Amino acid sequence: MTVGAPPAPRVARSGTDAPPPAGARVPAILLAALVLSACSLVYELVAAQTLALLTANAVVWFSLVVGVFLASMGVGSWRSGRVPDDDLWSALVRIELKLTLLGASMVPVIQVGHFLYSYLHLHGWEQLGVACVHVPAALLVVGVGWLSGAELPILMRLAAGPRDDRPAANAVLGVDYLGALVGGLLFPLVLLPALPLFGVSLLVAAVNLAVAAIITAVRLQGAPRGGRRWAALGATAALLLAGISLAAPVQAWMLKGYYYYIEASTHEDGLAHRLGALDDYPEVLRARSPYQRIDLVYDPNPGLSATLMGAYSEKLRRAPDYPVDHMLCLNGAFQTNTRYDEIYHEWFVHVPVVALGKVPERVLLLGGGDGLVLRELVKYDEVRSIRHVDIDPVLVELAMDHPVLRTANANALRDPRIERTFDDGFRWVREHDGPYDAVFIDFPYATDYDLAKLYSREFFARIRELVAPGGFAVFDATSISILSDASDDPEGRRFVDTSVNDWPIYRDTLRAAGFAPAEIRPYLTTLEPYPPRLLEVLEGDGMELPADVSVIEALDEAEAAGDEQRVQEIRAALVATTMEQHVVALEQGFVLLAPGAPDGGPAPWSDPGVRLDVLDGTRYDLAFRVDFPFPEAVDPSLVNTILRPTLPTIPWWDPRLPY
């Protein structure tokens, strides 16, 4: 995309780079303006999309990138007036060569900045890490914008020629805007679904290089410095070809560096390992769809929680070959880990059934394309029909066919009771009627304004209308699990920390949608810190609890002094700290909506009559233990609506990490 401006003042100079007659010149210039404008807009969108994926909040980043890009183009347009008339074609070649190099390097440079951020974040240099992402990205956007802004005035001057043909120059301006439309359509509809962002930038860079080569061959044949110009073209082409040939391994390297940032950043070789080849890490399976990037990641270092899960869950005793330690991520955001997926999904499905004392017959599931919610739902013979609405057929097909996901969801996506529709959940609920005995809403966390509509007042008002009398709806609200530290309270209680917890937004949005406080029941996947099999797990082979230096030194001193009581006290304190951290790490939030339900809280625990691997009466009671505040009045400034979203609450400038 280029900036409209009248032809710049001419700078006369003798030479051999003079333009040919206008009749032979203008059609080619119009075609060049169309192509180069489309390329410039695609570069802009690649930068915005890359930043949106790495920092979330796409609306903010697209707005910022567009603004900076256009401002830089204005500067480039102004500066292009210094180019002499007889050097216009050569100047255009130089611009295209620079755009080729900057555009092709845009995605990996921003990604390396994010690698540095994750490394510095883990080592206590958060603000420096933020700068490592944003400063190179800004320089790239400014550079590409500056060069793109210089293209249009040069093309307009070439079209106008020595006779100052203003209609020809204005035609270039009009075609330039048309090229922006072409680029704007190609990026989301053709390029993004078919190629990774790095591939898109390489393809567009190849177009810039081709334009430079055509100009050199057609318009600059016999011009001075021809050998140097062809040498520059050859060197740029060699670099671009190298990038294209390495596109697949570079893409794999970027994916590994993003998902294995903890292992790579804490390696004994330091930053050199973080930026190295990462050949020792498992490959990341990526599937692309028009809606999202779907990644299946194997966790090579599952950590302590993987071992401690054996004290809570029956899953691996029941199914020793269950494919654990596989993580599903959507658009770079963690969704589930097959090591402990039963916690999230058993609480999601079975807690509402127990709390209301009734198994639903007609079920609506929004989202949940991985099939794990369906795995729990189809356990009930009483469930007669399930309407499954998901936007992404690629995710559903992957969950049906990939052996890891198919095993994890027990092939539930093929259950004959399911009727599936591929559609946007927000649109679907506005266009269809119920009633449904239960509505399960399994959407990603709102990291941008587009996802925020799925947690809006308008959406929940429609959900309330879809629920049958005596039925319920439930959705995951992970961010409500941020609570105060139990050690801050004399009685060890935990409270909602409203300074960082999104509960006030969910609460007031739901009330504005028509739900009474008694109909809104938040709950958490809280585990007890001392399960019955904990001692058995702690005494297992090779089991070591993490401890900082001070704890290790204190333990060594007590053992050296023969103070067995002190040794046991230190170990008990270490176990307590470890288990508390484990419980918090696996805690997630849900909100149960029961229209018309009387005040009185959830029903007491009763066996739902299906196989459960981790949920039991003790953990069911813990789910409702935290007191979520309900002020008398609704604060309109907190209500999330499609016209004035209050989600997401994460700072737009903070780079995000997958987990």
> What are the residue pairs meeting all of these: first residue in the range 595-620, first residue more than 11 Å from Ala355 (Cα to Cα) and modelled with pLDDT of 95 or more, second residue among the aliphatic types (A, V, I, L, M) and outside any loop (DSSP other than H, G, I, E, B), Cβ atoms under 8 Å, and 6 or more apart or on different chains?
Replying inline: Val614/Ile343; Leu615/Val351
>> Out of everything in the range 515-562 that is more than 19 Å from Ala585 (Cα to Cα), among the acidic types (Asp, Glu) and touching a residue at least 40 places away in the same chain (Cβ under 8 Å), what residue ends up being surrounded by the fewest Cβ atoms within 10 Å (Cβ to Cβ)?
In response: Glu536
> Looking at the range 194-203, is at least one residue within 30 Å of Thr336 (Cα to Cα) and touching a Cys at 6+ places or on another chain (Cβ under 9 Å)?
Replying inline: no
> Which of the residues that make up the range 499-514 are outside any helix (DSSP H, G or I) and crowded, with 17+ Cβ neighbours inside 10 Å?
Replying inline: Asn501, Asp502, Ala513
>> Among the residues of the range 361-375, are any more than 26 Å from the chain's Cα centre (by Cα), in a loop (DSSP other than H, G, I, E, B) and touching a residue at least 60 places away in the same chain (Cβ under 8 Å)?
In response: yes
> So which residues in the range 563-611 are surrounded by fewer than 17 Cβ atoms within 10 Å (Cβ to Cβ) and over 43 Å from the mean Cα position of the chain (by Cα), if there are any at all?
Replying inline: Asp563, Glu564, Gln565, Arg566, Gln568, Glu569
>> Six or more apart or on different chains, Cβ atoms under 6 Å: show the pairs whose first residue is in the range 418-440 and in the same structural domain as Leu593 (by TED's automatic domain parsing) and whose second is of a type in the set (Phe, Trp, Tyr).
In response: Phe426/Phe459; Ala438/Phe472
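The values are calculated or read from the model by the stated rules, or taken from the named source; none is laboratory data. Just so it is clear, the model here is predicted, and its values are computed rather than measured. Ideal geometry is used to build each Cβ from the backbone, glycine not excepted, and the neighbour counts take in all protein chains shown.
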